[in-house]
Amino acid sequence: GYAYVSSYVGPVPSFGGNNESRLGEVYKIDTLTLQVVGRCTVGYQPDELCVLGSKLYVANSGGYQPFLGLDYDWTVSQIDLATFSEDRKIRVAPNLFRIRADRHGQLWVSSRGVDDDDDPVPSRLYRLAPDAHGQMQLKDSVDRVVSDFDIVGDTLYYCGSQANGSRMMRFYGTVDIRTAMPTSDQLLHDDGSWRIQTPYGIKVHPLTGDIYLMDATNYVSSGYLNCFDRNGHFRWQTSTGDIPGHACWLTESRQ
């Protein structure tokens with residue numbers, strides 16, 4: 001009966017003209033009254049979050065910290081839903097972004113990495129799993145550039161982009177969530193009939209297997225939603241608002 005929303009909370013250093021960066025928060029909203037009934041302080045600039053069991057996990061990016069000469073946030077916050085308080089932080093990687101739970105009780109979280117000439121950290125996908133005491137811990141990583149991902153069954157579908165000098169590299173593939181091993185780096189069939197500038201979001205239909213890719217283009221113009229069939233062949237494209245990055249399935253109820 002509750003919805004949870006992450007927030008940077010206030011101006012960020014690059015635009016606020018301030019010399020400080022506030023810790024982010026997660027808000028608990030009653031879905032019947034639409035009122036905020038709780039709030040919990042987490043890490044810097046929290047992005048995506050997900051519920052697993054009795055806990056809520058939040059990917060803290062710290063995406064604006066470098067404007068203050070500080071490091072990105074490296075943590076996932078674990079919130080106890082009963083008390084709605086942060087009970088621990090899990091150190092994972094810098095500049096975390098997306099986080100999802102799978103059917104095996106594991107967490108998957110993506111890192112945008114750090115583009116630093118002196119000490120670069122590549123974008124990667126990380127897996128967290130319970131230890132012998134039931135505590136969620138970092139288990140391993142997948143060496144792939146991941147901007148967004150979707151999990152259907154035991155397959156994780158991902159898309160990603162990364163600048164290589166003046167050239168933008170784009171990545172589409174799959175990972176077996178049981179082994180954390182890549183199973184394909186050729187998710188889409190490139191026949192020259194389509195072009196995605198900045199892959200930013202991905203959804204896979206759980207029944208048809210159709211693949212939906214969201215293109216953020218240049219981040220200031222309208223984006224696009226592209227549909228491919230389960231074999232990666234292009235089907236259609238439609239325009240969206242700016243920076244499309246999320247989608248959900250609606251089930252029509254018929255009586």
Handout entry: Cα centroid separation, the stretch 31-63 to the stretch 125-197 (Å)
Key = 23
Practice task
With only Lys, Arg, Asp and Glu charged, each at its Cβ (+1 for the first two, -1 for the last two), find how big the charge dipole of the stretch 67-188 is about the Cα centre; round to the nearest 20 debye.
Solution key: 360
Fill in the blank from the handout: Extend 7 Å from the Cα of Thr155 along its Cα-to-C-beta direction; within the stretch 189-207, residues with backbone N under 18 Å of that point are 189-190, 202-207
Handout entry: Value of Rg/Rh across the stretch 96-255 [Cα atoms, Kirkwood radius]
Key = 0.98
Problem - Per residue value of the accessible surface for the chain (all protein chains in place, 1.4 Å probe), Å² - result: 53
Problem - Loop-located trypsin sites (Lys or Arg not before Pro) in the stretch 161-214, at most 12 other Cβ atoms within 10 Å (DSSP) - result: Arg178, Arg195
Handout entry: Ordering of 217-230, 240-253, 130-143, 66-79 by burial proxy (mean other Cβ atoms within 10 Å per residue, highest first)
Key = 66-79, 217-230, 130-143, 240-253
Handout entry: Helix-only mean residue ellipticity at 222 nm for the chain, each DSSP H run of n ≥ 4 adding -39500 (n - 2.57), per residue, nearest 500
Key = 0 deg cm²/dmol
Practice task
In whole Hz, with x marking every Gly and Pro, tabulate ³J(HN,Hα) for the stretch 87-100 from phi via Karplus 6.51 cos²θ - 1.76 cosθ + 1.60, θ = phi - 60°.
Solution key: 9, 5, 10, 10, 7, 10, 6, x, 6, 5, 9, 8, 8, 9
Exercise for the section: Could you sort out which of Lys28/Lys139; Lys55/Lys203; Lys55/Lys89; Lys89/Lys139 sit more than 20 Å apart by Cα distance in this structure? Expected result: Lys28/Lys139; Lys55/Lys203
Exercise for the section: Tally up the carbon and sulfur contribution to the accessible surface of the stretch 150-237 as a whole percent, 1.4 Å probe, everything protein left in place. Expected result: 45
Handout entry: Lys/Arg +1, Asp/Glu -1 at C-beta; the chain dipole; positive extreme among Ala3, Gln106, Thr251
Key = Thr251
Handout entry: Amide H partners (placed H, <5 Å) of Thr198, local residues excluded
Key = Ala216, Thr217
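The values are calculated or read from the model by the stated rules, or taken from the named source; none is laboratory data. Keep in mind the model is a prediction, meaning the values are calculated, not measured. Positions of Cβ are backbone-derived with ideal geometry, glycine not excepted, and every protein chain shown enters the neighbour counts. In case anyone asks, the SASA skips ligands and DNA or RNA and just uses the protein heavy atoms, side chains included. Shrake-Rupley method; radii C 1.70, N 1.55, O 1.52, S 1.80 Å.
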